[in-house]
Each structure stands twice: as structure tokens, then as C-alpha cells.
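This report refers to the structure that appears directly beneath it.
Throughout, read-outs are computed from the coordinates displayed, never taken from laboratory work. All values reported here derive from a predicted model rather than from experimental measurement. Because the Cβ atoms are built from the backbone with ideal geometry, glycine has one as well, and the counts that use them run over all protein chains shown.
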Amino acid sequence: MASRPETWPIYPNELLPNTLFKLAAQYPDLTYSEYPRSKDVADGYRKITFKEVANAVHAVAWWIEQNVGKPAVDDGSETLVYMGPNDLRYTVLVLGSVMVGYKMLFPTPRYGAESITRLVASVDGHVLLVPSESPPVVSEVLAKRPMRKFDFPSVDHLIASTPAPYKWTKTFESHKLEPLVCLHTSGTTGFPKPIIWTHDWANSVVQGDRIPAPAGYVRPESVMQGPRTRTMHLFPSMHASGIITALLFQLGCGSVIVHAPSRMMPSQAVDAAVDALEAIGDAGKVDLFGLPPPHAEYLAANKPLLERVGRVVDTVLWAGGSISDAAGKALSARVQTITPLASTEMGLWSSVRKLDHDGTKIVEDENQYNSFHPSLNIRFAEASKDDRGTLYEAIIVKNQGEGAWVQPLFKIFTDVQEKSLGDLFTQHPHDPEKWKHAGRADDLLVFMDTMKFHPGFAERQITAHPGVAEALVAGTRRPKASLIVRLNDGADIEEVQRLVEDVTKDFPFYARIDKSMILTVSEPFPKTAKGSIQKKATLDAYEKQLDALYENSG
């Protein structure tokens, strides 16, 4: 394989398929990504080159035209749907579909047939592409919404293809407002809703990643962006984080993603990934290991596993939500950590860390605090206040002026000058530049008397107990707080009850939870793509039991 350039080429204001083709022409044998050769990591990894990915994109475009046919208008208004395992097909489908004039929608299979059917209907989807190893929910979706179904080729077939180039002459300036891909909200507070990334949105993300840190600071995210950087992430390929790390970082920054074996449960995914990291060894050393919050919690609680990670990886990243302080401290004690924030509408929220007076070393930063890059233009407004402190809501303000970088969010919400990001923060007690993520504004409980309380801290403290599998605090439109909890096998319920009372004893009276307000359940909570709890779906599922809990409590 060719050696990687020290500086990655810049292709500003370009459509991503064209960027790929230019890179493939300049660096045909350069590694784009690496995949396990089989389910057994002992079989090693296969390097996939930029030329092979470019050929696969052309092959996908031809396959869509020959099997599905061309859309009535090639402006991305028609949508194709795909559900499959975490692999390269998501990347090549994004690029290949837009060349034919479609856009892709990637529903999360774990959402269930009802949520997926509603999502597909919201974009008027009538064509479903499925791999040979399609998830079981596909048949349920087709039973609810009949669609034209096509069997999509394997990764091996696409990579081995050497088709003639698919004719495509679109330019950025003429077509930047057309869709690149259709993603969706997490579904935490209801059914998932579509979010469309345009080519202009992607261009804004790539440009933003290249904005340097101010003097005296460094961008911690640079550890996963660069032509000499190798990363392994466990973010789902159909999720915004998966597409950013497996497409935008490769084309915009040149980093190599080493794909972990595909597993469903966080514990299984982390175990398999660590096995892969060790199998790769020093010859293919990975610089950064990226995890969703449930995976980070699992790794932090498993000391032998964390020790193994520390021997083969320098930096661990978690993103997509908060983790407990105990988990954050455990990870930070063994490896370097970064905790970037991101969202589907905004992409990565660039942050900065101070350098020492020599400008050579990062000043030690408290776990889970972020200082945001000034180019994001974020301000903080008070959202709620009680005896424990103040919660602030992040609001992003559109950059103005000729030639100014316009943040990606305003490529989606084009008619606003500022917008709440929907995230809540606490301010560092001594450094006003530092902010700690406290949860989503949507999660704020509003009780019957209009008092407000954010349950994130309590949920993280309770879930950190080894006997607790997952926990959710309820209370909106009710007189006081309650807890839905699922216990691990062998857990002592009385011990957990004492823990809950201890965690909440200093909260405002309406947020305190005694044992009479704890609902113990046995079924796993519904999850989003990144593994977080679908709160509305969980509350809806246990509404009657909660009603009874409140009635009995008087």
C-alpha cells in the first residue's frame, strides 16, 4: 500500500463523490478503511483502497439504475431505504445513490417496525434495499408498508467490481442544495423524524474541521482527524456519527477507520473490538477507540478489559451522551480521553484545550468538561436553577459577514439566525470557558406545579451501581418523581432502593424518590441507534404501572 501524505489535499466547495474520485485518481492504492476478513479477528484485516471504494460507488450507481431505475427527477427528492449490518455499504450507497438522482434513508433496525414504517412514510419511501443478512424487522416493515424490495450486493462483490465510470456531471455550485442523505432524529422523545443533509451541509462540516484552534489552544478532535491517524469506532453505520467517521473524516481529513467486528449488545461489541485491537497489534496500531455512552460505561466498569485497551490504544473517546463521573474517571485514569459533542443537525462541535506557556503540552483538563471553539459562536442561557446549581441551555448564533464560515446547522435551518441546540450544561466552578454536558433539554422534567428538574445526574449515579442494568426517572405532569429500573441478575433490590433514596435525598422534595416510587421491570428499555434509552417509548410502555404507583402513593 502507498504511504500516506503528511498533508491531506483540500477540495473546497466540492460534491463528495467528486472528492472521492479525485482522491482515487491521486492516491489509488492508499488505504481508505480496513475490515475484518471474517467474523474471527484472528483471520486478520483487509485493506480497502480509495480506488476500490471509487469503483464500488460506480458499481452501486449502475446497480441502482439497472435494478431500481432512474427517478423521475434526479434532484434527490425520491428516497431509497436500506437496512443492514455495519459495513462499507452505507458509505457507497450514500455516494452512489446521489449520482443516480436519489437519496438514501437508513432507519435504525432496533427501532421496531412501527417507528420505521412511520419514518419511511414521512419521506414517501417505496423502495427497500436489503442485504442477504438483513435484520428480522425487515419482514415486519414490509407487512406494514408494502415496498419494492431488492437484494443488495455484498461488500466483497462491490469491492471486486471494476465497472465503467457512471456518467455524472453535477457541480457543487449548481447542486449544493440537493440532498446528500436522509438521516433521522434519535427518537428519544417520540417517533424518529427525518433530517436531510445537503451537499452544502457536508461542505460546511469539512470546512469547519479545518479551522485551526486560536493561539495558545489545540483542537482535541485532531487526534482522530489526519492522514496519519487510525481510529476504531463502535458508532452504528446508519447513524450520523457513523457516517461522519466513515465518510466525511476519510474524504475531508484522510484518517483511516479500522472497522470493529459487528455486534449488537454493548458488552459484546466492546469485547469483540478489544480482541480485534489486540489481534491487529503494533503493526496496525489504532490511535483512538471511539465509543457510544453505554459501551464506555461497560468498558470503565471492566478493569481487566480497560487494562487491555490501555496497552494497545492511546486515546479513548466517548460521544452521543453523558456517562457517569465514576466511569469518566476510570477511563481517564488509564488512557487519554476526549469527550466531543455532536448532533445530527450540527455534526461535530469543535472544542479547544489550553496549551501550557511553552505551547507544547495540553494543560490537564477536568474529565467531561469542554471549551467550545469560538467559531461555533455558542452562547449559554439559563434554563433552570435550584439549590444544586444552574443549568444552561446552549444556543448557537449564525456567523455573519462576507466569507464567514456558516455553521452546518444553519444549512438545515436556513431561515433562522440563532437556534437552541437542545443540550443542557453546567459551568465549571472556576473556569467560565469550560462547560459540562448535563443532558438534553427534552429530558427536563416539568412537574404538575411547574417546578423543573433534570434527572441526568440521578440516572447516571443509579445506573453506575453494578446491580442496575438501566434506570429512568419519570415525573413530567405528575406530582413528584418516580423511577423505572431494570436490575441485573442477582441484584439486591433493597440495596438498590437504599441507593436511590441516598442519591436523591438532597434533591428538592418533588425530586426525591423513596422505595414506594420505584417500579421494577424485567424487559430491556427501547433503545436509540447509539444505545441510549428511548424515553417516551419507555414511559408509554409502563404508563399504566406508573399510574398505579402514583395512585397507591397517595
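Expected output is a single nm value to one decimal: the length gained when fully extending between Glu418 and Asp40, i.e. 0.36 nm times separation in residues minus the C-alpha distance. What is it? Provide the component values of the computation, followed by the final result.
Numbers: separation 378, 0.36 × 378 = 136.08 nm, distance 4.90 nm.
Gain on extension, Glu418 to Asp40, equals 131.2 nm.
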What is the P(r) of the chain, as percent of Cα-Cα pairs per 10 Å bin from 0?
3, 17, 28, 28, 17, 6, 1, 0
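State the extension gain, in nm to one decimal, for the chain segment bounded by Ala215 and Lys167, taking 0.36 nm per residue of separation less the distance between their alpha-carbons. Don't skip to the end; give the middle numbers.
Working: separation 48, 0.36 × 48 = 17.28 nm, distance 4.54 nm.
So the chain would gain 12.7 nm between Ala215 and Lys167.
Give me the Kirkwood hydrodynamic radius of segment 420-554, using the inverse of the mean 1/r over all pairs of distinct Cα atoms, in Å to one decimal. Walk me through the numbers on the way to the answer.
On the way: mean 1/r = 0.0638 Å⁻¹.
Across segment 420-554, the inverse of the average 1/r is 15.7 Å.
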Between helix 543-553 and the chain: long-axis angle, C-alpha atoms, 0 to 90°, nearest 10
20
Once amide H atoms are placed 1.01 Å from N in the peptide plane, what residues at a sequence separation of 5 or more from Gln336, or on another chain, have their amide H within under 5 Å of its amide H?
Val316
Give the cross-link partners of Lys285 among the aspartates and glutamates, using a straight C-alpha distance below 17 Å as the criterion and excluding same-chain residues fewer than 8 apart.
Glu34, Asp43, Asp275, Glu307, Asp314
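Take every Cα pair under 8 Å in the chain that's 6+ residues apart, average their separations, divide by the length, and report that relative contact order as a whole percent. Display every interim value, and only then the final one.
Values: 1077 pairs, mean separation 64.0, N = 554.
That works out to 12 percent.
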Give the separation of the Cα centroids, segment 514-554 to segment 277-323, in Å.
31
Taking only the alpha-carbon positions of segment 312-458 as identical scatterers, the Debye log10 I(q)/I(0) at q = 0.12, 0.17, 0.18, 0.21 Å⁻¹ comes out as -0.58, -1.09, -1.19, -1.43
Reduced to Cα centres, the span from segment 159-207 to segment 394-410 in Å works out to 20
Taking only Cα atoms of segment 154-286, radius of gyration then Dmax in Å
17.8, 50
In order over segment 169-175: 3J(HN,Hα) from phi, Karplus 6.51/-1.76/1.60, θ = phi - 60°, whole Hz, x for each Gly or Pro, gives 10, 5, 10, 4, 4, 7, 10
Quick check for you: which residues of segment 261-283 have the amide N under 11 Å from the point 7 Å beyond the Cα of Glu523 toward its beta carbon?
none
Gap separating the Cα centres of segment 471-487 and segment 51-87, nearest whole Å
45
Using the Kirkwood formula on the Cα atoms of segment 55-211, what hydrodynamic radius do you get, in angstrom to one decimal?
16.2
Mind giving me the nanometre distance, one decimal, between the label points for Ser122 and Glu278, set 7 Å out from Cα along Cα→Cβ?
4.3
Which percentage, to the nearest 5, of the DSSP beta bridges contained in segment 445-552 is antiparallel?
70
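If you take every DSSP beta bridge whose two residues both sit in the chain, what share of them, in percent to the nearest 5, is antiparallel?
Numbers: 47 of 76 bridges.
Expressed as a percentage, antiparallel bridges in the chain total about 60.
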How tilted is helix 325-334 with respect to the longest principal axis of the chain? Cα atoms for both, answer in degrees (0 to 90, nearest 10).
50
I want to check the label-to-label distance for Asp314 and Glu6. Put each point 7 Å from Cα in the C-beta direction and report it in nm to one decimal.
1.7
Quick check on segment 215-372: what does the Kirkwood estimate of hydrodynamic radius come out to from the alpha carbon pairs, in Å?
15.9
Treating only the Cβ of Lys, Arg, Asp and Glu as charged (+1, +1, -1, -1), what charge dipole size does segment 215-372 show about its Cα centre? Round to the nearest 20 debye.
180
Calculate the dipole size of the chain relative to its Cα centre from +1 charges on Lys and Arg beta carbons and -1 charges on Asp and Glu beta carbons; express the result in debye to the nearest 20.
700
Each label sits 7 Å from Cα toward the beta-carbon; between Arg379 and Leu305 the label points are separated, in nm, by 4.4
Rounded to the nearest 0.05, what FRET efficiency do Asn399 and Asp442 have when you use their Cβ-Cβ distance and R0 = 25 Å?
0.45
Working from Cα positions, state the angle (0 to 90°, nearest 10) between the long axis of helix 50-67 and the longest principal axis of the chain.
90
Taking only C-alpha positions in segment 213-296, Rg and Dmax in angstrom work out to 13.4, 43
